[in-house]
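> Following this message is one structure expressed as structure tokens.
The values are calculated or read from the model by the stated rules, or taken from the named source; none is laboratory data. Computed from a predicted model, the values in this text were never measured in an experiment. Cβ coordinates were reconstructed from backbone atoms using ideal geometry, including for glycine residues, and neighbour counts include every protein chain displayed.
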Protein chains: 2
Amino acid sequence: MSINSKRLKSLFKEINSITDTTFGAGITRLAYTNHDKILKELMIKHLSDANLKVEVDEIGNIFARRYGRESGLKAVAFGSHLDSVINGGEYDGVVGVLAALEVINSLDDDGIITKRPLELVIFACEESTRFNISMLGSKAMTHKLDRQKLEVLKDFRGENLSDIFQKYGLNLANLDKIKNRALDYDSFFELHVEQGPLLHSQNLQIGVVSAIAAPHRFGIKIIGTAGHSGTTAMQYRNDALCVASEIILAVERVAKKYADKSVVATCGNCVVKPGVINVIPGEAMILVDLRSTDLESRNLAFNEIKNEIENIQKSRNFSYKIKQISTENPSVLDKDLIELISQEARNLGLKHVIMPSGAGHDTMNISEFCKTAMIFVPSRNGISHNPSEFTSFDDIINGTKLLKNVVLKSANSSKGDFYEKSTFIK
Amino acid sequence: MSINSKRLKSLFKEINSITDTTFGAGITRLAYTNHDKILKELMIKHLSDANLKVEVDEIGNIFARRYGRESGLKAVAFGSHLDSVINGGEYDGVVGVLAALEVINSLDDDGIITKRPLELVIFACEESTRFNISMLGSKAMTHKLDRQKLEVLKDFRGENLSDIFQKYGLNLANLDKIKNRALDYDSFFELHVEQGPLLHSQNLQIGVVSAIAAPHRFGIKIIGTAGHSGTTAMQYRNDALCVASEIILAVERVAKKYADKSVVATCGNCVVKPGVINVIPGEAMILVDLRSTDLESRNLAFNEIKNEIENIQKSRNFSYKIKQISTENPSVLDKDLIELISQEARNLGLKHVIMPSGAGHDTMNISEFCKTAMIFVPSRNGISHNPSEFTSFDDIINGTKLLKNVVLKSANSSKGDFYEKSTFIK
């Protein structure tokens, strides 16, 4: 075991020295910006220095391959992302890439060559901050995004993705040539900060992710009757904001009911029209983010929310419309890998728990093509997407050791059921 | 009884032909605009044609005096306003001015000169639309507004009141000279559309206003904890919007409890921060408009709302701040005049009710200086401040007849307690 914490900390500092300070506090390293490009070039240098074969695909994902002892075996891949939200923290995504490179460097230090090839992956544009779409890199690689859709995509400032790509050194016209490298993976591992409070609050060192929740996002538009706040007696009112309030509390109640099925629901906004102090609200629009790792429970909760709204209609006069925004499927991660990670955590004496992930990760997109697993390390107070995001180096090093061990176990296995002919990567 | 409905309808059409059509549907005649000025000049012509002595004061209120048979008696005054909200209706304010001029013209037709002088009043800038302050004209006349405050006042487009005045032909520097003409009134009457549903829904023709409600306006700022919508389990949340929802329903509950004391309460807006679909709301700000004609009940309701918030704190973790916006005192109108109007309504065979006014009116400001009363005519479906605002001409004529009779009775009375030496108007 030769995890080099000095090397790891040095790379952590180097990565986080690259941030767009014009945004103020914390880390701002939006995808496909100049800061992202500078870091991409720095990483390519580090990966090449580690004698890895580096490729960048048509969406900007970076792949760095270390050859294995045997030919014809699928790779064991691992990685995360380096782009950030605006005013984000130093750990989200970064920790997974740091750990991945340290695993490679440490294997070099140990003089170990695995049976299977290894592949370090840095996904492009994981955060939805710039384009309102998350995980552009892993979605494009796994053919979940059409070029036509990307051609009309604009960032929050209104700049076209194709113009952005040109400046960054990519060409959107080439996107159809992108290869789904996940088809050539035996397994994929992502180490990530939890971004939630469970591990820190329970003094645990490792979360072994069982499943990744996916959001069903929708709006509820409520139409009541606007009226004069002074002249309309209480019994004549159809106040859309009072209806919205009942619905918001119903959404919370339903999510709590299904909490043991890892359901969470959030009304992130409520926009009132006309929204002035002396007019009874005539309209309200609630935005709902409903998630679970269990699709059936999420669907049950959604139906129950609709029933609650219809119950509210028995005592209040209003109409409503549900506007679907997006719906994605949760990912159940690989049971054998969950067991492997748990076993290795026990061997390392790390206090761990098997837990769902409420946040989405690139691993979701990879999970349809190979066995996947995720390792969480604690986030202090559960804070993330915030300059005060923090994970201790002790926790990062524990996670890196664990990642190394499970990668080693997976990459030295060539059981019949693991062995397949490589489809395109020689 | 010689109310001339043709003359009344003709003036109604003439007044409502003056509207700023660039705003779209309905009537838009904002105070101190060019449209307001055109109508002011038209009205001055009509008032002069009716042999009235017209004066315009330093805030733009118009006064038209008809001399009485006896000197040294205080005047009987009556009127309303002609400015409108944006996309308002044809009746709000207009009906009171129409009726007032018709009373004068009709007395001329009848050859009647009253003992007391009469004074028709058209108040300037009753609506709060342009400057976020209502009743500028009656407040300035009764010395409730400082010149210093008005000197820094801007309209919703950011234009200074002093520049607006210059274009309109007024001079803010002269405001200190304004006379409180209400000191010289024996009584003041305002005919107005109800702007609420009571009369129309109960098939009544006249509302005799007992008291005018006044608003206590405040904001409730709620501070919870923002968090990731996916990674924060339900039991770890301090969702400011869920708290806001409980408070909004509590405000409604309290107002319903005090409904028989004419309390109404409206949460007109709820602004959520950060207000995005994937973040648990960390802050919410509710705007509350709490009104009653009964100050004690309004204060009780306010205290009960605060108690409800503190009850919510027993089961939810948040802090809050109440920000006072404005508080005005309700006006109780004159009991003798309420009795007089009721009696005259009975004499005319008009179905009437004594009722509070939920909306504010210029009469509130006058009521501190002389006896005041208000007559309401029905608003179809209670709709006002809307292009579909409607009151039938039958109802307007009923109201005008009633106004004429109560003005006549008041102006021919010179009982000792009514008789006082005129303070400044010769």
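> Could you tell me how many of the residues in the stretch B:52-70 are without any contact (Cβ under 8 Å) to a residue 12 or more places away in the chain and in a loop (DSSP other than H, G, I, E, B)?
Total satisfying the criteria: 0.
> Now a separate question. Please enumerate the residues belonging to the stretch B:219-250 that are surrounded by fewer than 21 Cβ atoms within 10 Å (Cβ to Cβ) and assigned to a strand (DSSP E or B).
Listed by number, the residues that qualify are B:G219, B:K221, B:I223, B:T225, B:N238.
> Same structure again: Are any residues in the stretch B:243-265 touching a residue at least 60 places away in the same chain (Cβ under 8 Å) and on the phi < 0 side of the Ramachandran plot, and if so, which ones?
Scanning the stretch B:243-265 gives B:V243, B:E246, B:I247, B:A250, B:V264.
> How many residues, within the stretch A:269-280, are touching an Asp or Glu at 6+ places or on another chain (Cβ under 8 Å), modelled with pLDDT under 95 and at the interface with chain B (Cβ under 7 Å from one of its Cβ atoms)?
3
> Kindly provide the set of residues from the stretch B:96-114 that are assigned to a helix (DSSP H, G or I), hydrophobic (A, V, I, L, M, F, W, C) and over 13 Å from B:N405 (Cβ atoms), ordered by number.
Result: B:V97, B:L98, B:A100, B:L101, B:I104.
> So B:L287 fits all but one of (1) assigned to a loop (DSSP other than H, G, I, E, B); (2) within 7 Å of chain A (Cβ to nearest Cβ); what number is the exception?
The one condition B:L287 does not meet is (1).
> Tally time: how many residues in the stretch A:319-372 are in a loop (DSSP other than H, G, I, E, B), within 14 Å of chain B (Cβ to nearest Cβ) and buried (at least 20 other Cβ atoms within 10 Å of the Cβ)?
Total satisfying the criteria: 5.
> Is it the case that A:R298 is within 13 Å of another protein chain (Cβ to nearest Cβ) and either farther than 28 Å from B:P281 by Cα or modelled with pLDDT of 95 or more (or both)?
yes
> Name the one entry in B:A359, B:A411 that is over 22 Å from B:V264 (Cα atoms) and either assigned by TED's automatic domain parsing to the domain that holds B:G96 or touching a residue at least 40 places away in the same chain (Cβ under 8 Å) (or both).
Answer to the check: B:A411.
> Then there's this: Taking the criterion of being small (G, A, S), within 7 Å of another protein chain (Cβ to nearest Cβ) and either in contact with a Leu (Cβ under 6 Å, 6 or more places away or on another chain) or within 30 Å of A:H385 (Cα to Cα) (or both), would at least one residue in the stretch B:207-217 satisfy it?
No; the residues of the stretch B:207-217 include none that is small (G, A, S), within 7 Å of another protein chain (Cβ to nearest Cβ) and either in contact with a Leu (Cβ under 6 Å, 6 or more places away or on another chain) or within 30 Å of A:H385 (Cα to Cα) (or both).
> Out of B:A50, B:A64, B:A31, B:A77, I need the residue that is in contact with a Cys (Cβ under 7 Å, 6 or more places away or on another chain) and more than 19 Å from B:S379 (Cα to Cα). Which one?
B:A31
> Next question. Can you pull out the residues in the stretch B:17-51 that are part of a loop (DSSP other than H, G, I, E, B), crowded, with 20+ Cβ neighbours inside 10 Å and over 23 Å from the mean Cα position of the chain (by Cα)?
Within the stretch B:17-51, no residue meets the criteria.
> Any chance the stretch A:90-112 includes a residue that's surrounded by fewer than 24 Cβ atoms within 10 Å (Cβ to Cβ) and without any contact (Cβ under 8 Å) to a residue 12 or more places away in the chain?
The answer is yes, given that some residue of the stretch A:90-112 is surrounded by fewer than 24 Cβ atoms within 10 Å (Cβ to Cβ) and without any contact (Cβ under 8 Å) to a residue 12 or more places away in the chain.
> Name the residue that is farthest from B:G227 (Cα to Cα), counting only residues in the stretch A:384-399 that are surrounded by fewer than 23 Cβ atoms within 10 Å (Cβ to Cβ) and of a type outside the set (D, E).
Only one residue tops the list, namely A:I397.
> Count, please, the residues in the stretch B:383-426 that happen to be in a loop (DSSP other than H, G, I, E, B) and either at pLDDT 95 or above or under 29 Å from B:G358 (Cα atoms) (or both).
10
> If you don't mind, another one. Test B:T293 against the criterion of being in contact (Cβ under 8 Å) with a residue 12 or more places away in the chain and at the interface with another protein chain (Cβ under 7 Å from one of its Cβ atoms), and give yes or no.
No; evaluated as a whole, the condition is false for this residue.
> Moving on. Could you grab me the full set of residues in the stretch B:323-350 that are in contact with a helix residue (DSSP H, G or I) (Cβ under 8 Å, 6 or more places away or on another chain) and closer than 21 Å to B:L198 by Cβ?
B:P330, B:S331, B:L333, B:L337, B:I341, B:E344, B:A345, B:L348, B:L350
> Taking the stretch B:308-318 only, how many residues are surrounded by 14 or more Cβ atoms within 10 Å (Cβ to Cβ) and of a type in the set (D, E)?
Residues meeting the conditions: 1.
> Of all the residues that make up the stretch B:236-258, how many are modelled with pLDDT under 95 and at the interface with chain A (Cβ under 7 Å from one of its Cβ atoms)?
Total meeting the criteria: 1.
> Only one of these conditions is not met by B:V208: (1) of a type in the set (A, V, I, L, M); (2) in a helix (DSSP H, G or I); (3) under 30 Å from B:E90 (Cα atoms). Which number is it?
Here B:V208 clears every test but (2).
> Follow-up question, since we're still on this one. Taking the stretch A:71-95, which residues are in contact with a Phe, Trp or Tyr (Cβ under 8 Å, 6 or more places away or on another chain) and part of a helix (DSSP H, G or I)?
Result: A:V94, single match.
> Sticking with this structure for a sec: Yes or no: B:T266 outside any helix (DSSP H, G or I), facing chain A (nearest Cβ under 7 Å), within 21 Å of the chain's Cα centre (by Cα) and of a type in the set (S, T, Y)?
Answer is yes for this residue.
> Please tell me if A:E328 is within 13 Å of the chain's Cα centre (by Cα) and more than 20 Å from A:L98 (Cβ to Cβ).
Here the answer is yes, as A:E328 does meet what is asked.
> Is it the case that A:I305 is touching a residue at least 40 places away in the same chain (Cβ under 8 Å), over 18 Å from A:S262 (Cα atoms) and aliphatic (A, V, I, L, M)?
Taking the combined requirement at face value, the residue does not satisfy it.
> Among what's in the stretch A:154-196 and is crowded, with 20+ Cβ neighbours inside 10 Å, within 14 Å of another protein chain (Cβ to nearest Cβ) and assigned to a loop (DSSP other than H, G, I, E, B), pick the residue that is modelled with the lowest pLDDT.
Only one residue fits best here, namely A:G196.
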